[in-house]
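Here is the structure we will look at, set down as structure tokens.
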Amino acid sequence: MTGLEFVLTLAPILLAPGTSTLLVSAEALRGAGSIAQVIAGDLSANAGQILVVGGLLATLGEIGSPAFFGALKWIGVIYLVGLAATRLVGRRAAVPRVPPGLAFLRGFLVSASNPKALVFLFGLFPAFLEPARPLVPQLALLGGLYLALDGLCLAGYALASRRLATASVRMPARRIDRLAGGMLLLAGVLLAAK
């Protein structure tokens, strides 16, 4: 496992629009000054999800085998291809609503209320773990890379949204969904090739 392989597989997934990116973009389009708090809340929820998945994988890895981790990898591939299909032919997801003025909580709740994240992480991480090596350091590296890249992607969405708002340029939602579907499909193919 190399960190570069993980980042190259993860980047298209995190760049594809989802509920967290929609929330950050909405905050930026409104000109809200609380974008950093929203991102911090999102990343805090992600860190909790990574700890849950890491604990499960460490526990299951003790009784598992390379075949177990291989099966989890293919579950992740199927999940990503399914997500891509819904983006390519489905409808746009709505941004969940929470009380205004609670930016950190808003970011945390949007991310924590997404059970897909646990399934995604549970399917993605095993493809990059070497069962013969100690799992905790590997999980710490993958989790750290995930959080760093996710934070950068969310900040990028906030910056792009602010620039779009000031330029009054709008991209049709259907085009965004097709782009996101293509990115998710690419991530599924990269994961399958691993």
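Tell me, what is the per residue accessible area of region 127-168 in Å², probe radius 1.4 Å? Write down the numbers at each step before the final one.
Values: 2200 Å² over 42 residues.
The answer is 52 Å² per residue.
What accessible surface, in Å², does a 1.4 Å probe find on Val53, ignoring ligands, DNA and RNA and rounding to the nearest 10?
Accessible area of Val53: about 0 Å².
The values are calculated or read from the model by the stated rules, or taken from the named source; none is laboratory data. Remember, it's a predicted structure, so these values are computed and weren't measured experimentally. The area values use the complete protein model at the heavy-atom level, side chains included, leaving out ligands, DNA and RNA. Shrake-Rupley method; radii C 1.70, N 1.55, O 1.52, S 1.80 Å.
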